[in-house]
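Written below as structure tokens is the structure these notes are about.
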Amino acid sequence: MKLRVLVLRTVCAVMGLTMTAACTAQEWHTMTFRADAPGVDEGPLRGFVPYSSTRQGPDTFPHSMEWFYLPLSDVVTGPDTYDWTALEKELTAISGRGHQAVFRFYVDYPKKPSGIPKYLLGAGLKTFPYDDSDNAKSSTPSVAPDYRDPRLIDCMVRFIHAFGGKYDGDPRIAYITVGLYGFWGEWHVHKHPLPGEPSGWDIAQKDKDALLQTYVESFHRTQLEVRTAKVTENRGLLANFGFHDDSLLNDTIGPQNWQFWPMMQQAGMTANWQRRPMGGEIYPQLQTGLWDSWPNKAGQDMSEVIRTAHATWMLASDLFKSAPTPEQRANALRAERMLGYTFFCRQFQVARSTAGPATLTVRVENRGIAPIYYSWPVEAEEVDTHGTTVGSGRALWPLATLLPGKSADWSLTLNALPGDAAAILLHIPNLMRGGHPIAFANAEMGATRDGWLTLTLANGQ
């Protein structure tokens, strides 16, 4: 009891209240978990992702992000000359639908026209045709550039600096996969021989590291992802990136040492998900019929892949091409709710003062398999029985530090807590205008106002 009094006096002192001001705290109020609470399935920065070109309608599977590729030639128009129109068009369209973007730039995409900047081709950059992935059968076959040419590396380095200078921290962007090198920008090429160079088309390791280092120098806020943990042996450099497995369910969890998770183990990167996002694409040939049963019958077990990789997002284009059946939708939602973070407000408490501000403390659990990778400001409003706002507060909680299976007590100062306040509404808005807010997996989510969690003040306390 003495300890409780001491704590309450400390709260009052911190808030700058006089010793004569009354400062009382409620008991902890317990909240109710609900996995399918309103807004959870559209939670930002997590979940299944369609291509941005997919036609969307009222029956489209819930999502908060969209994926696209762009050729480097769409932006780089000359040495240190950039036209961002194509990128802006994509970001504007996606954000206009209330979604955030995940994307990649490429210079070589099999069966599509080359993405090599035209000024490099005009300057004599060598290119090589190839048959891989039926590229030669396409009416618009791509070509591989000579990745050993320093002019190409210099172009990429300068582009990354310009890219980061303009778009780092842009709230329309969820994640960027680093791209540029290799087929589809996935940082791999087959071992085709070059004339007099049996080592093939691979980019030199020093140039790989130069590109990665440039990304680190250019992006301080937007999260970046690379294809595998073998892109560099520089572990300090590698730790700055998340990872994306573009062969999810096919080559994710082994057992071969060249597969995605075994490479993560060999590189000592299996805990990197605690700070950097994990994503990727479900292997396209496995997507048809994937949701017909649970667990899935084709490929590696979905739940095991998600738990092992601590995946936050997955490109699953087939899921969005047509409305799934009720069974397919239920199975897909089951998997989707496993991805990324799941915030649950377990309890809350209010320390009330008659002399001014009050303190709301919220006990939040992460019941997901990964953290969120950005921390956004939190807002609160006090409302009376008519829903009229009678007070407010704002705070920046370290959301990104809350790991799966952990809980944290976070506080927010309210400018007042009048006696007629019936509830406190809690809201974590998306930094992007029109974007989905972070929803709590609570039965009380949206009970008073869409996108807000209702914390009911019992008996006027």
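The values are calculated or read from the model by the stated rules, or taken from the named source; none is laboratory data. For clarity, every value in this text was computed on a predicted model and none was experimentally measured. Methodologically, a virtual Cβ is constructed for each residue, glycine included, from the backbone with ideal geometry; neighbour enumeration extends over all protein chains shown. Keep in mind that these areas ignore ligands, DNA and RNA; they rest on the heavy atoms of the full protein, side chains included. Shrake-Rupley method; radii C 1.70, N 1.55, O 1.52, S 1.80 Å.
So, with a 1.4 angstrom probe, what is the percent of accessible area on the chain that is carbon and sulfur?
52 percent
As I understand it, the dipole of the chain uses +1 on the Cβ of Lys and Arg and -1 on the Cβ of Asp and Glu, about the Cα centre. Which of Val350, Leu91, Gly368 lies farthest toward its positive end?
The residue sitting most towards the positive pole is Val350.
Only Lys, Arg, Asp and Glu count, each charged at its Cβ (+1, +1, -1, -1), so figure out the dipole size of the chain about its Cα centre, rounded to 20 debye.
880 debye
Per the helix-only calculation at 222 nm, which mean residue ellipticity applies to the chain, given -39500 (n - 2.57) for every DSSP H run of n ≥ 4 and division by its residues, nearest 500 deg cm²/dmol?
When only DSSP H runs of four or more count, the value is -6000 deg cm²/dmol.
Return the subset of Lys111/Lys230; Lys126/Lys208; Lys112/Lys297 for which the Cα-Cα distance in this structure is over 21 Å, preserving the input order.
Lys111/Lys230; Lys112/Lys297
Between Leu237 and Leu396, what is the spin-label point distance in nm, taking each point 7 Å from the Cα along the Cα→C-beta axis?
Using points 7 Å along Cα→Cβ, the separation is 3.1 nm.
Please list, by residue number, everything in the range 329-358 whose backbone N is under 13 Å from a paramagnetic label point 7 Å out along Cα→Cβ of Asp450.
Within reach of a label on Asp450, which here means backbone N under 13 Å from a point 7 Å along Cα→Cβ, the range 329-358 contributes nothing.
At 1.4 Å probe size, what's the solvent-accessible area of Tyr51? Round to the nearest 10 Å².
60 Å²
Treating only the Cβ atoms of Lys and Arg (+1) and Asp and Glu (-1) as charged, compute the dipole magnitude of the range 237-312 about its Cα centre; round to the nearest 20 debye.
Charge dipole, the range 237-312, about its Cα centre: 280 debye, nearest 20.
As I understand it, the dipole of the chain uses +1 on the Cβ of Lys and Arg and -1 on the Cβ of Asp and Glu, about the Cα centre. Which of Tyr283, Pro117, Ala408 lies farthest toward its positive end?
About the Cα centre, the residue reaching furthest to the positive side is Ala408.
Within 13 Å, Cβ to Cβ, of Asp74, how many net charges do the neighbouring residues add up to if Lys/Arg are +1 and Asp/Glu are -1?
Neighbour charge sum, excluding Asp74 itself: +1.
Can you give me the relative contact order of the range 39-102 as a percent, contacts being Cα pairs under 8 Å and 6 or more apart?
That works out to 33 percent.
Counting only other residues whose beta carbon sits under 9 Å from that of Ser142, what net charge do I get with K and R as +1, D and E as -1?
Local charge sum for Ser142: +1.
How high is the relative contact order of the chain, given as a whole-number percent (alpha carbon pairs under 8 Å, six or more residues apart)?
17 percent
Can you give me the distance in nm between label points at Leu431 and Lys206, each placed 7 Å from the Cα along the Cα-to-Cβ direction?
That separation, rounded to one decimal, is 3.6 nm.
For the range 367-444, which trypsin sites (Lys or Arg not before Pro) pass both filters: DSSP loop (anything but H, G, I, E, B) and at most 12 other C-beta atoms within 10 Å?
Those satisfying the criteria are Lys406, Arg433.
Using the alpha-carbon centroid of each, what span in Å lies between the range 245-307 and the range 34-104?
Taking the Cα centre of the range 34-104 as reference, the centre of the range 245-307 is 22 Å away.
Hey, can you find the accessible area per residue of the chain for me, probe 1.4 Å, expressed in square angstrom?
43 Å²
For the pair Glu217 and Arg334, how long in nm is the line joining their label points, each one 7 Å along Cα→Cβ?
Here the modelled spin labels are 5.0 nm apart.
For Trp28 and Gln274, what does the FRET efficiency come to when R0 = 22 Å and r is the distance between their Cβ atoms, rounded to the nearest 0.05?
Approximately 0.20, to the nearest 0.05.
Run through the DSSP bridge list for the chain and note the antiparallel percent, rounded to the nearest 5.
Of the beta bridges lying entirely in the chain, close to 65 percent run antiparallel.
Let me check I've understood the local charge: for Thr252, count other residues with C-beta under 13 angstrom from its C-beta, Lys and Arg +1, Asp and Glu -1. What total comes out?
Spelling it out: positives minus negatives among the neighbours equals -4.
Along the charge dipole of the chain, pointing to its positive end and built from +1/-1 on Cβ of Lys, Arg, Asp and Glu, which listed residue (Ser53, Ile438, Ser293) has its Cα farthest out?
The residue sitting most towards the positive pole is Ile438.
Quick one: dipole size for the range 157-315, taken about the Cα centre, charges +1 on Lys/Arg Cβ and -1 on Asp/Glu Cβ, in debye to the nearest 20.
Value, rounded to 20: 360 debye.
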